[in-house]
Structures are given as C-alpha cells and as structure tokens.
Amino acid sequence: MSLPTTMKAVLVEQTGGPEVLQFKTDYPVPTPAEGQLLVKNNICGINYIDTYFRTGLYPSPKPEILGREAAGTVAAVGPGPNPANFQVGDRVAWLATGGYAEYSAVSVGKAVKIPAGVSDEDLMGSFLSGLTVLTLAKETYPVQAGEWVLLHAAAGGAGFLMTQILKSIGAKVIGTAGGAEKVALVKSLGADVVIDYRSEEGKDWVKKVKEVTGGRGVDVVYDSVGKDTWEGSLEAVKRKGTIVWFGNASGPVPPLPLNKLSPKCVKIARPTLFGYIETREEFEFYVNELFRLLQSGQLKVKIHKIYPLEEVAQAHKDLEGRKSTGKLLLRA
C-alpha cells in the first residue's frame, strides 16, 4: 500500500479552550515502531477525557494529538511481535492516543479486529465508553439484580450505555439528566426513575433519591460529574454503600477528608479503564463482551453527530456545553 508522507490532524500545542485545537493539513504521517500498527482511521471517538488533556486538568506533554480511540484499517505493520496476526487491510479498532488524525501508530496490544456485522460508527459510539461502563459495573462495584443505583449524567455518552448495562443486570436505576428531551431518552432505556436536575423537583435530587429508596439511599452511585454532585452523592448513598467517581464533567472532586466517609461506613473508588484492561487477556475479555452485546442487539448505540475533522473545536464546544446526547464522533 502506498502511503502519503503528510496527513490531516488536529494539534494541541498549549492548554486552553477549544480554540487551541489546530487543524493541520500537512502533519507528518507516523511510522509504526516495533510492536505497532499504522492505522488509517475512519471514525474517531470524542470523549470527555479529551477535554481534560486539552485544558491541562490531566497534565500531558505538548504538543500532542488528542483522541484515545478510533476505528479504521491497517495501513502498515511495524516490526516485532504480532501475536494477533494483524494484516494490512484488516478492519481494526484501537485504544491509545493520537486519534484526531488520518493515521495513527498504535500498539498491537490495544488493537482488535472488528467482527463482521459491527460498523465502525456503532463501535466508536460504544468502544471506550462501553468498555468503561462494563468494568465499572462488573469490577469496580459488581452490581447485583435488585440493587438501587444512582447514575449521574445518564443521557451522556457513557451514561446512555451504562443505563442499558445496569438494566440488563436487573438493577433498579435512578438516572439524572438535564431537560425534558434527555429525561425522555433515559426513560426509554428502562431507567426506573429519572430526575431532571433543571426542574424544580430536581434541584433537591438527593431528597428525591431518598424518597424513591424509602429513606435508605442507593447501594452505589456512579458519578462522572464531580464537583457539582460529589456532596449530594455522599448524602444519597446508603449506609455501607459505595460511590464510584469516574469523571469530572463539572470539575474535579476537591480533596476529601476521610472522616466524611465514617458516619455511614461509605466506600469510595476512583477507577480508570486502563487499570482493568492492562493485560491482553483482560482487554479481550471486555472487548468480546462488548462485541456480543452489539451483535445481539442488546446494546443500543446513540450517536449525537459525526463531525468532520476540521470541526473538532465545535464538537468540543457542544460536548462541554452539554448540548449533546450520546456519543460525538469525528470523521478522519
């Protein structure tokens, strides 16, 4: 396959708002090193974590190309180990960095062949987010049928998938969302109770959670909002319950005095997906479960919009402005 020497890519040279996302048309195409594939990307996922690296909330070396997942075809195979026998032309999805570009050099250890019947769009609408929510519901806190779960941002990219995963387990789900459209969407996924935090009732969502659970509180809270919800999450969880913080959409949870946990013997967790899929065996376990859910139709995917690469700044504005439901994608 004849490869170009330059490509379209989005470069971040300094931290800041969406305006620091620079669309380039002459960025060098990377060369795959040992144990890497060069992938010609078709669809790249946009995730809230990308905004954390852009703003500097999560420090990372600059300049950099954001984007932690994409689907495309193998354009070249680097030297060294290739245990999955990747070949030029294979359809693949990957987790790494550098997805906001036409080509990415990625590790063979975090790439996987896409099975027939799964589209690039559906996979990128559920790949990093889907793997995240599967690990949260099965490892961080293994949810059991009949348990009460509070899920913040239930209409977002992760929340949309998480609601479905929780209901497939048999949990009783209380979701929070902003606005009538998002509330209706979460209800359509089977959530038992949906609280509109923009409504008058939703302003005191902790009270509503207590009412729904008979004053007991929920068994577990999944909170990707952070700064605006962390105190309420501590109030809403039951005695001996668990809070899982896995995002910072409103800003990070401030330093937490541990004695705040002692009155109700609360357990807290702050997981990250890559801690659960470090080995190839772990990665394949969760990827295969995601493929099964997609191929069987048990997991529905909602794509908010597919943006061309040059409109990435607008995509970030839409994501941070909470103007989206489901997943935002980039066409490379």
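What do you reckon, is Gly202 without any contact (Cβ under 8 Å) to a residue 60 or more places away in the chain and on the phi > 0 side of the Ramachandran plot? For Gly202, the condition - without any contact (Cβ under 8 Å) to a residue 60 or more places away in the chain and on the phi > 0 side of the Ramachandran plot - is not met. Scanning the range 177-190 for residues being in contact (Cβ under 8 Å) with a residue 40 or more places away in the chain and touching a helix residue (DSSP H, G or I) at 6+ places or on another chain (Cβ under 6 Å) gives a total of 1. The single condition among (1) part of a strand (DSSP E or B); (2) in contact (Cβ under 8 Å) with a residue 60 or more places away in the chain; (3) among the basic types (Lys, Arg) that Lys240 does not satisfy is (2). When you look at Glu278, is it assigned to a helix (DSSP H, G or I) and within 24 Å of Gly130 (Cα to Cα), yes or no? When the stated conditions are applied, Glu278 does not pass them.
Kindly indicate whether Lys208 is touching a strand residue (DSSP E or B) at 6+ places or on another chain (Cβ under 7 Å), free of Cβ contacts under 8 Å to residues at least 40 places away in the same chain and not in a loop (DSSP other than H, G, I, E, B). Considered against the rule, which asks whether it is touching a strand residue (DSSP E or B) at 6+ places or on another chain (Cβ under 7 Å), free of Cβ contacts under 8 Å to residues at least 40 places away in the same chain and not in a loop (DSSP other than H, G, I, E, B), Lys208 comes out as yes.
Total residues in the range 1-39 satisfying the condition of being among the charged types (D, E, K, R) and out of contact with any Leu (no Cβ under 9 Å at 6 or more places or on another chain): the figure is 4.
Among the numbered conditions (1) surrounded by fewer than 13 Cβ atoms within 10 Å (Cβ to Cβ); (2) under 17 Å from the mean Cα position of the chain (by Cα); (3) at pLDDT 95 or above, the only one that Leu273 does not meet is (1). Residues that are assigned to a helix (DSSP H, G or I) and more than 22 Å from Lys24 (Cβ to Cβ) within the range 288-317 comprise Asn288, Glu289, Leu290, Phe291, Arg292, Leu293, Leu294, Gln295, Ser296, listed in sequence order. Taking (1) surrounded by fewer than 19 Cβ atoms within 10 Å (Cβ to Cβ); (2) under 28 Å from Lys317 (Cα atoms); (3) at pLDDT 95 or above in turn, Phe53 satisfies each apart from (1). With a requirement of 2 or more residues that are of a type in the set (A, V, I, L, M), the strands (runs of 3 or more DSSP E) lying completely within the range 1-60 that satisfy it span 6-12, 36-46. Does Ala184 count as part of a helix (DSSP H, G or I), closer than 20 Å to Ser324 by Cα, modelled with pLDDT of 95 or more and of a type in the set (Gly, Ala, Ser)? In short, yes.
For the range 127-139, check the following and say yes or no: at least one residue is assigned to a loop (DSSP other than H, G, I, E, B) and of a type outside the set (Val, Ile, Thr). No, the range 127-139 contains no residue that is assigned to a loop (DSSP other than H, G, I, E, B) and of a type outside the set (Val, Ile, Thr). Pairing residues of the range 83-94 that are on the phi > 0 side of the Ramachandran plot with residues that are exposed (fewer than 12 other Cβ atoms within 10 Å of the Cβ), at Cβ distances under 9 Å and at least 6 apart in sequence or on separate chains, gives Gly89/Met1. Within the bounds of the range 150-161, is there any residue that is in contact with a strand residue (DSSP E or B) (Cβ under 6 Å, 6 or more places away or on another chain), assigned by TED's automatic domain parsing to the domain that holds Val237, in a strand (DSSP E or B) and within 30 Å of Asp204 (Cα to Cα)? For the range 150-161, residues in contact with a strand residue (DSSP E or B) (Cβ under 6 Å, 6 or more places away or on another chain), assigned by TED's automatic domain parsing to the domain that holds Val237, in a strand (DSSP E or B) and within 30 Å of Asp204 (Cα to Cα): present. One residue is enough: does the range 74-96 have a residue meeting the conditions among the β-branched types (Val, Ile, Thr), within 23 Å of Thr25 (Cα to Cα) and surrounded by fewer than 19 Cβ atoms within 10 Å (Cβ to Cβ)? For the range 74-96, residues among the β-branched types (Val, Ile, Thr), within 23 Å of Thr25 (Cα to Cα) and surrounded by fewer than 19 Cβ atoms within 10 Å (Cβ to Cβ): absent. In the range 250-267, the condition of being within 21 Å of Val173 (Cα to Cα) and assigned to a strand (DSSP E or B) is met by at least one residue.
The values are calculated or read from the model by the stated rules, or taken from the named source; none is laboratory data. From a predicted model like this one, the values you see are computed outputs, not experimental measurements. Quick reminder, even Gly has a Cβ in these numbers, built from the backbone with ideal geometry, and neighbours come from all protein chains shown.
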